[in-house]
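Peer 1: Quick one: the structure is below, and I'll ask about it shortly.
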Amino acid sequence: MSVEKYRFSLEEEDYLTHQLYTASQSKSGANRRKWRWFFMTGIMFVFSFFFYQKDNMWLTLYFAIIGVIVLALYPVYLKWLYKRHYRRYIRDRFSDQFGKTITLELYEDQLISKDEDNTQSKFAYRTVDQITNLPKHFLINVKSGEALIIPKERVNDIDQLEAKLKYISDFANADYSNQQNWKWK
(Lines give C-alpha, C1' and ligand atoms only; values in the text may rest on other atoms or scores of the structure.)
Protein backbone atom coordinates (compact mmCIF):
# COMPACT_ATOMS: atom_id res chain seq x y z
CA MET A 1 0.00 0.00 0.00
CA SER A 2 1.65 3.21 -1.14
CA VAL A 3 1.30 6.35 0.92
CA GLU A 4 1.87 9.89 -0.25
CA LYS A 5 2.79 12.30 2.55
CA TYR A 6 2.65 16.07 2.47
CA ARG A 7 3.62 18.46 5.25
CA PHE A 8 2.46 22.06 5.45
CA SER A 9 1.17 24.66 7.87
CA LEU A 10 -1.85 26.91 7.67
CA GLU A 11 -1.77 30.64 8.27
CA GLU A 12 -4.50 33.24 8.69
CA GLU A 13 -4.60 33.99 4.95
CA ASP A 14 -5.27 30.32 4.14
CA TYR A 15 -8.31 30.24 6.41
CA LEU A 16 -9.42 33.61 4.99
CA THR A 17 -9.24 32.34 1.42
CA HIS A 18 -11.36 29.34 2.38
CA GLN A 19 -13.99 31.50 4.10
CA LEU A 20 -14.13 34.04 1.26
CA TYR A 21 -14.37 31.34 -1.40
CA THR A 22 -17.17 29.62 0.49
CA ALA A 23 -19.01 32.93 0.88
CA SER A 24 -18.56 33.73 -2.81
CA GLN A 25 -20.19 30.43 -3.78
CA SER A 26 -23.27 31.05 -1.64
CA LYS A 27 -26.19 32.32 -3.73
CA SER A 28 -27.96 33.66 -0.65
CA GLY A 29 -24.82 35.55 0.39
CA ALA A 30 -24.45 37.07 -3.08
CA ASN A 31 -28.12 38.04 -3.10
CA ARG A 32 -27.76 39.59 0.35
CA ARG A 33 -24.76 41.67 -0.78
CA LYS A 34 -26.62 42.87 -3.89
CA TRP A 35 -29.72 43.66 -1.87
CA ARG A 36 -27.69 45.79 0.61
CA TRP A 37 -26.02 47.60 -2.26
CA PHE A 38 -29.29 48.46 -4.02
CA PHE A 39 -31.02 49.28 -0.73
CA MET A 40 -28.34 51.78 0.32
CA THR A 41 -28.27 53.34 -3.14
CA GLY A 42 -32.07 53.46 -3.27
CA ILE A 43 -32.32 55.22 0.08
CA MET A 44 -29.99 57.97 -1.12
CA PHE A 45 -31.99 58.49 -4.31
CA VAL A 46 -35.30 58.45 -2.39
CA PHE A 47 -33.96 61.18 -0.10
CA SER A 48 -32.76 63.09 -3.15
CA PHE A 49 -36.21 62.82 -4.75
CA PHE A 50 -37.90 63.84 -1.47
CA PHE A 51 -35.82 67.01 -1.23
CA TYR A 52 -36.38 67.69 -4.93
CA GLN A 53 -40.14 67.66 -4.21
CA LYS A 54 -39.50 70.15 -1.38
CA ASP A 55 -37.51 72.43 -3.78
CA ASN A 56 -34.37 72.06 -1.67
CA MET A 57 -31.77 71.82 -4.43
CA TRP A 58 -28.78 71.72 -2.11
CA LEU A 59 -29.98 68.56 -0.30
CA THR A 60 -31.27 67.13 -3.59
CA LEU A 61 -27.78 67.37 -5.08
CA TYR A 62 -26.16 66.21 -1.85
CA PHE A 63 -28.16 62.97 -1.68
CA ALA A 64 -27.92 62.41 -5.45
CA ILE A 65 -24.12 62.69 -5.28
CA ILE A 66 -23.99 60.44 -2.22
CA GLY A 67 -26.24 57.98 -4.11
CA VAL A 68 -23.83 57.89 -7.05
CA ILE A 69 -20.88 57.45 -4.69
CA VAL A 70 -22.67 54.60 -2.88
CA LEU A 71 -23.57 53.03 -6.22
CA ALA A 72 -19.93 53.12 -7.29
CA LEU A 73 -18.11 52.39 -4.03
CA TYR A 74 -20.43 50.23 -1.91
CA PRO A 75 -19.20 46.97 -3.50
CA VAL A 76 -15.64 47.93 -2.53
CA TYR A 77 -16.82 48.72 1.00
CA LEU A 78 -18.71 45.41 1.25
CA LYS A 79 -15.63 43.53 0.04
CA TRP A 80 -13.58 45.18 2.79
CA LEU A 81 -16.33 44.64 5.39
CA TYR A 82 -16.65 40.90 4.67
CA LYS A 83 -12.88 40.46 4.74
CA ARG A 84 -12.70 42.23 8.08
CA HIS A 85 -15.57 40.13 9.48
CA TYR A 86 -14.03 36.82 8.39
CA ARG A 87 -10.56 37.88 9.53
CA ARG A 88 -11.91 38.57 13.04
CA TYR A 89 -13.81 35.28 13.05
CA ILE A 90 -10.68 33.37 11.97
CA ARG A 91 -8.48 35.05 14.59
CA ASP A 92 -11.05 34.22 17.24
CA ARG A 93 -11.61 30.58 16.22
CA PHE A 94 -8.37 29.37 14.61
CA SER A 95 -5.46 31.51 15.84
CA ASP A 96 -4.13 28.63 17.94
CA GLN A 97 -3.80 26.58 14.72
CA PHE A 98 -1.66 29.11 12.80
CA GLY A 99 1.79 27.79 11.95
CA LYS A 100 1.26 24.25 13.22
CA THR A 101 2.63 21.55 10.97
CA ILE A 102 -0.02 19.36 9.39
CA THR A 103 0.81 16.00 7.86
CA LEU A 104 -1.50 14.81 5.11
CA GLU A 105 -1.30 11.12 4.25
CA LEU A 106 -3.01 9.93 1.08
CA TYR A 107 -3.66 6.18 0.93
CA GLU A 108 -5.41 4.07 -1.71
CA ASP A 109 -8.92 4.77 -0.38
CA GLN A 110 -8.61 7.30 2.46
CA LEU A 111 -6.79 10.39 3.61
CA ILE A 112 -5.54 11.15 7.09
CA SER A 113 -4.71 14.62 8.33
CA LYS A 114 -2.66 14.96 11.54
CA ASP A 115 -1.39 18.05 13.32
CA GLU A 116 1.34 18.61 15.93
CA ASP A 117 -1.11 18.00 18.78
CA ASN A 118 -1.89 14.51 17.41
CA THR A 119 -5.36 15.62 16.39
CA GLN A 120 -6.33 13.38 13.52
CA SER A 121 -9.01 13.55 10.84
CA LYS A 122 -9.64 10.50 8.72
CA PHE A 123 -11.82 10.52 5.60
CA ALA A 124 -12.65 7.73 3.21
CA TYR A 125 -12.39 9.00 -0.36
CA ARG A 126 -16.04 8.09 -0.97
CA THR A 127 -17.03 10.81 1.54
CA VAL A 128 -15.36 13.56 -0.50
CA ASP A 129 -17.99 15.88 -1.96
CA GLN A 130 -15.89 18.38 -3.90
CA ILE A 131 -12.27 19.27 -4.59
CA THR A 132 -11.58 22.84 -5.63
CA ASN A 133 -8.38 24.01 -7.28
CA LEU A 134 -7.94 27.71 -6.44
CA PRO A 135 -4.98 29.88 -7.51
CA LYS A 136 -3.07 29.29 -4.25
CA HIS A 137 -4.98 26.46 -2.53
CA PHE A 138 -6.68 23.13 -2.89
CA LEU A 139 -9.91 22.78 -0.92
CA ILE A 140 -11.28 19.33 -0.14
CA ASN A 141 -14.90 19.41 1.04
CA VAL A 142 -16.32 16.34 2.70
CA LYS A 143 -20.02 15.42 2.75
CA SER A 144 -20.15 15.94 6.53
CA GLY A 145 -19.40 19.64 5.94
CA GLU A 146 -15.75 19.57 6.97
CA ALA A 147 -13.07 20.99 4.72
CA LEU A 148 -9.35 20.56 4.32
CA ILE A 149 -7.26 23.49 3.10
CA ILE A 150 -3.99 22.73 1.32
CA PRO A 151 -1.77 25.75 0.52
CA LYS A 152 0.05 25.10 -2.76
CA GLU A 153 3.05 27.28 -1.93
CA ARG A 154 3.90 25.23 1.16
CA VAL A 155 3.56 21.77 -0.40
CA ASN A 156 6.24 19.94 -2.37
CA ASP A 157 5.41 18.36 -5.73
CA ILE A 158 2.17 20.14 -6.60
CA ASP A 159 1.75 18.17 -9.83
CA GLN A 160 1.78 14.83 -8.00
CA LEU A 161 -0.67 16.16 -5.40
CA GLU A 162 -2.99 17.52 -8.09
CA ALA A 163 -2.95 14.17 -9.90
CA LYS A 164 -3.81 12.38 -6.64
CA LEU A 165 -6.64 14.83 -5.94
CA LYS A 166 -8.06 14.18 -9.41
CA TYR A 167 -7.83 10.45 -8.67
CA ILE A 168 -9.71 11.01 -5.39
CA SER A 169 -12.33 13.03 -7.25
CA ASP A 170 -12.84 10.22 -9.77
CA PHE A 171 -12.82 7.56 -7.04
CA ALA A 172 -15.47 9.42 -5.00
CA ASN A 173 -17.42 10.57 -8.04
CA ALA A 174 -16.93 14.05 -6.59
CA ASP A 175 -16.84 17.35 -8.41
CA TYR A 176 -13.33 18.59 -9.29
CA SER A 177 -13.68 22.32 -9.78
CA ASN A 178 -10.81 24.19 -11.43
CA GLN A 179 -11.16 27.77 -10.17
CA GLN A 180 -7.70 29.07 -11.09
CA ASN A 181 -9.14 32.49 -11.98
CA TRP A 182 -11.16 32.92 -8.78
CA LYS A 183 -10.62 35.99 -6.66
CA TRP A 184 -12.70 37.62 -3.95
CA LYS A 185 -15.01 40.25 -5.41
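The values are calculated or read from the model by the stated rules, or taken from the named source; none is laboratory data. These figures come from a predicted structure and were not determined experimentally. Cβ: placed from backbone, ideal geometry, glycine included. Neighbour counts: every protein chain shown.
Peer 1: In region 89-101, is there at least one residue being under 30 Å from residue 170 (Cα atoms) and either under 25 Å from the mean Cα position of the chain (by Cα) or not charged (D, E, K, R) (or both)?
Peer 2: yes
Peer 1: In the list 10, 78, which residue meets the criterion of being modelled with pLDDT of 90 or more and hydrophobic (A, V, I, L, M, F, W, C)?
Peer 2: Matching residue, one of 10, 78: 10.
Peer 1: While we're on this one: Can you pull out every residue in region 84-107 that is touching a helix residue (DSSP H, G or I) at 6+ places or on another chain (Cβ under 8 Å) and modelled with pLDDT of 95 or more?
Peer 2: The answer is 86, 87, 89, 90, 91.
Peer 1: Please specify each residue of region 129-185 satisfying the condition of being among the charged types (D, E, K, R), part of a loop (DSSP other than H, G, I, E, B) and at negative phi.
Peer 2: Scanning region 129-185 gives 136, 143, 146, 183, 185.
Peer 1: Here is a follow-up. From the list 93, 126, 87, pick out the single residue that is free of Cβ contacts under 8 Å to residues at least 12 places away in the same chain and part of a helix (DSSP H, G or I).
Peer 2: Only one candidate passes the filter, namely 93.
Peer 1: Still on this structure, I have one more. Is there a residue in region 120-127 that is more than 24 Å from residue 30 (Cβ to Cβ) and of a type in the set (D, E, K, R)?
Peer 2: yes
Peer 1: How many residues are of a type in the set (A, V, I, L, M) and either in contact with an Asp or Glu (Cβ under 7 Å, 6 or more places away or on another chain) or closer than 19 Å to residue 147 by Cβ (or both) when one looks only at region 76-109?
Peer 2: 4
Peer 1: Further, regarding this structure: Any residue in region 102-113 that's over 13 Å from residue 2 (Cβ atoms): show its pairings with residues that are assigned to a loop (DSSP other than H, G, I, E, B) and of a type in the set (A, V, I, L, M, F, W, C) at Cβ separation under 7 Å, as long as the two are six or more apart or on different chains.
Peer 2: The qualifying pairs are 102/10.
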